[in-house]
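Below is one structure, written out as structure tokens, with a few remarks after it.
The values are calculated or read from the model by the stated rules, or taken from the named source; none is laboratory data. Model, not experiment: these values are computed from the prediction. When we count neighbours, we look across all protein chains shown, and the Cβ atoms used for this are built from the backbone with ideal geometry, even at glycine.
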Amino acid sequence: MKLRKVNRAIHRDLGYFFFGMCIIYGLSGIALNHRHQWNPNYIITQKTFQLKPPGEEITENQDMALHFLEQMGREDEFKTTLRSGDNLRIFIKDGTATVNMYTGEGDLETIRPRPVFREVNFLHYNTPRKLWTWFSDLYAAGLIILAFTGLFILKGKNGITGRGAWLTTAGIIIPLVLLFYYLNG
């Protein structure tokens, strides 16, 4: 069997085998690159509201919290409270409500998992550890092999001795220039 044929078979089969991992790391890589602009793991929603303040007979934090949550239709989600000055912070399932106890003005912040991105980030950060570490290391080694075998897929003017040499050189120089710029800029 010719070396070029073996090279193509390795490149092809590793490409098929690691397709899912490429999608996982590609999606999470994009998400993590922009984490300063949005939270890739959670959808955070904030809204303001106006509720009826409790009467003077309600003085306990929990009773006051239930009074406010009842008006919001969330009394079953109550966890605990924290009082700070005129404000009562009410911790509920998947969020918090902060309410002024005397005016009833407040805001609600809810947090829910962002589908797909939360899961791929979980894997990208190697949160599971154990077997996942071994499989992701295997993937990293596979990427190195894919990179080298990819250099020799084509021959001639589009291969590594022609156009491929220019593209490979550019693909090495650009990260090095950016690294130098960011480390010394």
Given the conditions (1) out of contact with any Leu (no Cβ under 8 Å at 6 or more places or on another chain); (2) touching a residue at least 12 places away in the same chain (Cβ under 8 Å); (3) surrounded by 11 or more Cβ atoms within 10 Å (Cβ to Cβ), and given that K52 satisfies all but one, which numbered condition is not satisfied? (3)
Of all residues being loosely packed, with under 13 Cβ neighbours inside 10 Å and either small (G, A, S) or more than 27 Å from the chain's Cα centre (by Cα) (or both) in the range 168-180, which is farthest from F17 (Cα to Cα)? Just the residue, please. F180
If a residue has to be without any contact (Cβ under 8 Å) to a residue 12 or more places away in the chain and among the hydroxyl-bearing types (S, T, Y) to count, how many in the range 10-38 make the cut? 1
F18: among the aromatic types (F, W, Y), surrounded by 14 or more Cβ atoms within 10 Å (Cβ to Cβ) and in the same structural domain as Y125 (by TED's automatic domain parsing), yes or no? yes
Going through I30, I44 one at a time, which residue ends up being outside any helix (DSSP H, G or I) and either surrounded by 11 or more Cβ atoms within 10 Å (Cβ to Cβ) or touching a His at 6+ places or on another chain (Cβ under 6 Å) (or both)? I44
Give the number of residues within the range 141-166 that are surrounded by fewer than 13 Cβ atoms within 10 Å (Cβ to Cβ) and either assigned to a helix (DSSP H, G or I) or modelled with pLDDT of 95 or more (or both). 9
Meets criteria (more than 28 Å from R4 (Cβ to Cβ), in contact with a helix residue (DSSP H, G or I) (Cβ under 7 Å, 6 or more places away or on another chain) and acidic (D, E)) for E105: no
Taking D86, is it more than 30 Å from I172 (Cβ to Cβ) and in contact (Cβ under 8 Å) with a residue 12 or more places away in the chain? yes
Please determine whether any residue of the range 140-158 is free of Cβ contacts under 8 Å to residues at least 40 places away in the same chain, in the same structural domain as L51 (by TED's automatic domain parsing) and under 23 Å from the mean Cα position of the chain (by Cα). no
Given the condition touching a strand residue (DSSP E or B) at 6+ places or on another chain (Cβ under 7 Å) and either touching a residue at least 60 places away in the same chain (Cβ under 8 Å) or among the polar types (S, T, N, Q) (or both), answer yes or no: does some residue in the range 55-64 qualify? yes
